[in-house]
1. Considering only residues that are farther than 23 Å from B:Val73 by Cβ, more than 7 Å from every other protein chain (Cβ to nearest Cβ), over 16 Å from the mean Cα position of the chain (by Cα) and assigned to a helix (DSSP H, G or I), which ones fall in segment A:5-55?
2. Find the residue count for segment B:68-122, including only residues that are more than 22 Å from A:Val87 (Cα to Cα) and touching a His at 6+ places or on another chain (Cβ under 6 Å).
3. Has segment B:1-10 got at least one residue that is open to solvent by less than 10 Å² (accessible area, probe 1.4 Å), among the polar types (S, T, N, Q) and without any contact (Cβ under 8 Å) to a residue 40 or more places away in the chain?
4. Among what's in segment A:46-57 and is free of Cβ contacts under 8 Å to residues at least 24 places away in the same chain and open to solvent by less than 50 Å² (accessible area, probe 1.4 Å), pick the residue that is farthest from B:Ala101 (Cα to Cα).
5. Restricted to segment A:58-74, and to residues that are more than 11 Å from the chain's Cα centre (by Cα) and in a helix (DSSP H, G or I), which residue is surrounded by the most Cβ atoms within 10 Å (Cβ to Cβ)?
6. Which is open to solvent by 30 Å² or more (accessible area, probe 1.4 Å), hydroxyl-bearing (Ser, Thr, Tyr) and under 30 Å from A:Asp32 (Cα atoms), of B:Thr67, B:Thr37?
7. Can you find, within segment B:70-87, the residue that is farthest from A:Thr57 (Cα to Cα) among those that are free of Cβ contacts under 8 Å to residues at least 24 places away in the same chain and open to solvent by 60 Å² or more (accessible area, probe 1.4 Å)?
Amino acid sequence: MIAVALWIGFAAVGLGTIFCLIRLWLGPDAVDRALALDTLVVNAVALIMLLGIAQATAIHFEAALLIAMLGFVGTVAFCKFMLRGDVIE
Amino acid sequence: MTSEVLIFLGEALVAALILAGSFFMIVGSFGLLRLPTLMQRLHAPTKATTLGVGGILIASMLFFLFTNGWVSVHELLITLFLFLTAPVTAYMLAKAHLHRAKAEPELPPTGRPVGWATFDPVASDPDPDSGLRPAGEDQRPLDTI
């Protein structure tokens, strides 16, 4: 039962990743693209967690935590650059 | 209650949490793709995607609790970090959108002696000895900031 739910989960999160990529391609403004990248990072964290459940190992959590941190820092840096034209003043 | 029933209930709980989390993930991404304006697009992933990741992380916690017998705390770390950073990210994106979409007179007043700080001139060539702010008429006293 968990295996079937995992396959459905992989398909759903992968489809969500494709939606984010389409928004990243279309995005009329740079803010849209930053938002699409942020959602892409959250989708990647969910995919890694599903992979951890599927392989029944706990070694993927550090990767998920690192990707979440890098996504947050990257989005805030993008926003600072769009606001001020500079990341660290 | 026999152990088979308990195992079945545990598997059903984990599978239901995975399915609920995946549903919220795809709803958030679909909202990001289909909603018309940027403020609406901002609300879809920041709410639904954190719910989706929360569901998948709780499913992972329960899975490792049922298979190994001990609670793993990594998932709680990721959940805490995502729930802390999602509002900050949404706030920064909304502020960048306001800054880019509207000119300075269109923005609402701040109700303070100084205006919107993001329209201040950029300290392009700061003197390292006198702080980051360039000298001149732009320099304002610290108690008004």
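1. A:Trp7, A:Leu26, A:Ala30
2. Selection size over segment B:68-122: 0.
3. No, segment B:1-10 has no match at all.
4. Of all residues in segment A:46-57, those free of Cβ contacts under 8 Å to residues at least 24 places away in the same chain come to A:48-49, A:51-52, A:55-57.
So of that shortlist, the ones also open to solvent by less than 50 Å² (accessible area, probe 1.4 Å) come out as A:48-49, A:52, A:57.
Working: A:Ile48: 36, A:Met49: 37, A:Gly52: 41, A:Thr57: 46 Å.
Checking each candidate, the answer is A:Thr57.
5. As a first pass, look at segment A:58-74 and keep what is more than 11 Å from the chain's Cα centre (by Cα): A:58-63, A:65-66, A:73-74.
From what's left, in a helix (DSSP H, G or I): A:61-63, A:65-66, A:73-74.
Working: A:Phe61: 21, A:Glu62: 13, A:Ala63: 14, A:Leu65: 18, A:Leu66: 12, A:Val73: 11, A:Gly74: 15.
Checking each candidate, the answer is A:Phe61.
6. Working: B:Thr67 fails: under 30 Å from A:Asp32 (Cα atoms).
Result: B:Thr37 is the single residue among B:Thr67, B:Thr37 that is open to solvent by 30 Å² or more (accessible area, probe 1.4 Å), hydroxyl-bearing (Ser, Thr, Tyr) and under 30 Å from A:Asp32 (Cα atoms).
7. B:Leu84
The values are calculated or read from the model by the stated rules, or taken from the named source; none is laboratory data. From a predicted model like this one, the values you see are computed outputs, not experimental measurements. Every residue, glycine among them, receives a Cβ derived from its backbone with ideal geometry; neighbour counts consider all protein chains shown. What goes into the accessible areas is simple: the full protein's heavy atoms, side chains included, and nothing from ligands, DNA or RNA. Shrake-Rupley method; radii C 1.70, N 1.55, O 1.52, S 1.80 Å.
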